[in-house]
Amino acid sequence: MARIQLQDVRKSYAGQEVIHGVTIDIANGEFVVIVGPSGCGKSTLLRMVAGLEEITSGTISIGDRVVNHLEPRDRNIAMVFQNYALYPHMTVRDNMAYGLKLAGMPKADIDAAVARAAAMLELEPYLDRKPRALSGGQRQRVAMGRALVREPAAFLLDEPLSNLDAKLRVQMRLQIKDLHQRTGQTTLYVTHDQVEAMTLADRLVVMEKGVAQQIATPYEVYTTPANEFVAGFIGSPAMNIFDARCEGQDLILPGGHRVTVASCPAEAIRLGLRPEDIEAVTHAPDAFPVVLQSVEWLGADAYGYCVIEGSDTRLTLRMPGNAPLAKGDRLLISLSRSRLHFFSPEDGRRLA
């Protein structure tokens with residue numbers, strides 16, 4: 001295990017900066033997930049830690065060594081990619097052992113390392129099969145096993161579950177989480193899937209346009225997003241965010257509806273509301289009407305997509321799956337006033 005530190009790391013291509021001064025301190029044994037939309041720089045950041053991309057400026061340390069100019073093989077890390085990169089002509093056993101053979105490890109030690117990793121990943125029945133005889137999930141476990149046998153200082157995983165179907169992704173998430181709990185290996189993991197990020201991470205690094213917008217636990221990112229981008233990206237369905245204004249302790253919503261709040265941080269705001277913090281009611285103080293546009297039924301839950309009456313502002317709310325509702329229904333809704341999020345209309349930052 002090893003601590004990984006990135007200090008003001010920057011990356012430019014042809015004079016255009018794409019990673020803007022990222023600083024992260026990953027503790028020994030911590031599982032950190034870099035998450036963000038396509039093109040935000042998350043894989044570039046991971047590849048710089050691995051040594052597959054040169055950094056333009058800043059410092060990357062693994063353990064007690066600055067590794068800026070070290071080759072990937074000298075950084076004592078193991079990387080698992082989106083494509084499994086297995087040798088098709090080799091068995092599972094040989095794929096897992098290949099790196100150790102190149103390093104000149106004695107055969108008895110190689111066999112023991114492969115056996116340990118295979119047991120941990122439940123691959124013993126498949127050790128003599130070739131990759132073409134395995135499912136996608138099994139191939140991904142072989143790729144992880146190949147990394148695991150090396151006993152590296154840290155694991156770097158670049159969207160390792162992207163090629164799997166939804167059911168397999170859930171299974172592999174659980175296995176990766178369990179594997180980390182058993183090995184305690186420092187892990188840096190990249191994904192665009194915010195559900196995957198939330199379920200795996202000790203801490204999240206939320207990236208946009210080469211900037212680390214927030215570094216915090218999944219709970220902190222969800223409950224106190226640092227800005228409007230983080231609020232809208234983390235959460236499924238996304239947070240409702242729209243323009244509102246304040247008059248004293250009255251929050252003026254689109255359509256002229258008023259909700260009394262304890263305090264308001266500015267006259268003009270962007271208001272954020274999670275779908276689960278909106279409740280359909282028969283009557284309540286400060287309740288206001290919406291018109292249901294469509295319903296997405298998911299079993300135990302349903303999501304209602306509405307428009308605030310008297311405006312064109314859309315809202316998503318979570319409802320019980322057995323609610324007898326249909327398009328065109330008029331509902332009264334009440335907001336959880338202790339869970340309102342306020343953002344600046346100018347730059348999107350969170351307002352206290």
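The values are calculated or read from the model by the stated rules, or taken from the named source; none is laboratory data. Bear in mind the structure is a predicted one, so any value in this text is a computation, not a measurement. FYI the Cβ positions are ideal-geometry reconstructions off the backbone, even for glycines, and counts take in every protein chain you see. Please note that ligands, DNA and RNA were not included when accessible areas were found on the heavy atoms of the full protein model with its side chains. Shrake-Rupley method; radii C 1.70, N 1.55, O 1.52, S 1.80 Å.
Of the residues making up the range 48-71, those that are within 23 Å of THR183 (Cβ to Cβ) and either surrounded by 14 or more Cβ atoms within 10 Å (Cβ to Cβ) or within 20 Å of the chain's Cα centre (by Cα) (or both) number 9. Annotation: GLU159 fulfils all but one of (1) at negative phi; (2) within 23 Å of the chain's Cα centre (by Cα); the unmet one is (1).
Of everything in the range 83-104, what is open to solvent by less than 70 Å² (accessible area, probe 1.4 Å) and either part of a helix (DSSP H, G or I) or at negative phi (or both)? Give them in sequence order. If the condition is that a residue be open to solvent by less than 70 Å² (accessible area, probe 1.4 Å) and either part of a helix (DSSP H, G or I) or at negative phi (or both), then TYR84, LEU86, MET90, THR91, VAL92, ASP94, ASN95, MET96, ALA97, GLY99, LEU100 are the ones that fit.
The sole residue among SER311, SER294 that is within 28 Å of PHE233 (Cβ to Cβ), part of a loop (DSSP other than H, G, I, E, B), in contact (Cβ under 8 Å) with a residue 12 or more places away in the chain and of a type in the set (S, T, N, Q) is SER311.
Collect the residues in the range 227-240 that are open to solvent by 40 Å² or more (accessible area, probe 1.4 Å) and touching a strand residue (DSSP E or B) at 6+ places or on another chain (Cβ under 9 Å), keeping them in residue-number order. Selection gives GLU228, PHE229, PHE233, ALA238. Would you be able to say whether some residue in the range 326-349 is of a type in the set (D, E, K, R), crowded, with 17+ Cβ neighbours inside 10 Å and modelled with pLDDT of 95 or more? Taking every residue of the range 326-349 in turn, none turns out to be of a type in the set (D, E, K, R), crowded, with 17+ Cβ neighbours inside 10 Å and modelled with pLDDT of 95 or more. Filtering the range 148-166 for residues that are more than 26 Å from ARG93 (Cα to Cα) and modelled with pLDDT under 90 leaves a non-empty set. Strands (runs of 3 or more DSSP E) wholly in the range 208-267 with at least 2 residues that are among the aliphatic types (A, V, I, L, M) and in contact with a Lys or Arg (Cβ under 9 Å, 6 or more places away or on another chain) - which ones? Fully inside the range 208-267 and qualifying: 211-216, 240-247, 250-252. Kindly indicate whether any position in the range 171-190 is open to solvent by less than 20 Å² (accessible area, probe 1.4 Å), closer than 20 Å to GLY235 by Cα and either part of a helix (DSSP H, G or I) or in contact with a Lys or Arg (Cβ under 6 Å, 6 or more places away or on another chain) (or both). Yes: the range 171-190 contains one or more residues that are open to solvent by less than 20 Å² (accessible area, probe 1.4 Å), closer than 20 Å to GLY235 by Cα and either part of a helix (DSSP H, G or I) or in contact with a Lys or Arg (Cβ under 6 Å, 6 or more places away or on another chain) (or both). For MET79, state whether it is under 30 Å from GLU124 (Cα atoms) and open to solvent by 70 Å² or more (accessible area, probe 1.4 Å). Criteria not met by MET79. Within the range 120-134, if we keep just the residues that are out of contact with any Pro (no Cβ under 9 Å at 6 or more places or on another chain) and open to solvent by 50 Å² or more (accessible area, probe 1.4 Å), the residue that is farthest from ALA166 (Cα to Cα) turns out to be ASP128. Taking the listed residues LYS130, LYS167, the one that is more than 16 Å from the chain's Cα centre (by Cα) and closer than 23 Å to PRO237 by Cβ is LYS167, with no other qualifying.
Restricting to the range 129-186, what's the tally of residues that are free of Cβ contacts under 8 Å to residues at least 24 places away in the same chain and polar (S, T, N, Q)? Counting residues in the range 129-186 that are free of Cβ contacts under 8 Å to residues at least 24 places away in the same chain and polar (S, T, N, Q) gives 2. A count restricted to the range 251-289 and to residues that are farther than 15 Å from VAL307 by Cα, surrounded by 15 or more Cβ atoms within 10 Å (Cβ to Cβ) and over 34 Å from the mean Cα position of the chain (by Cα) stands at 1. Taking the listed residues GLY304, GLY299, the one that is within 17 Å of SER236 (Cα to Cα), in contact (Cβ under 8 Å) with a residue 24 or more places away in the chain and not in a helix (DSSP H, G or I) is GLY304, with no other qualifying. The residues of the range 19-38 that are within 19 Å of LYS209 (Cα to Cα), touching a Lys or Arg at 6+ places or on another chain (Cβ under 8 Å) and either of a type in the set (Phe, Trp, Tyr) or open to solvent by 50 Å² or more (accessible area, probe 1.4 Å) (or both) amount to a single one, HIS20.
The residues on offer are VAL142, VAL149, and the sole one that is open to solvent by less than 50 Å² (accessible area, probe 1.4 Å), farther than 19 Å from ALA50 by Cβ, within 28 Å of the chain's Cα centre (by Cα) and of a type in the set (A, V, I, L, M) is VAL142.
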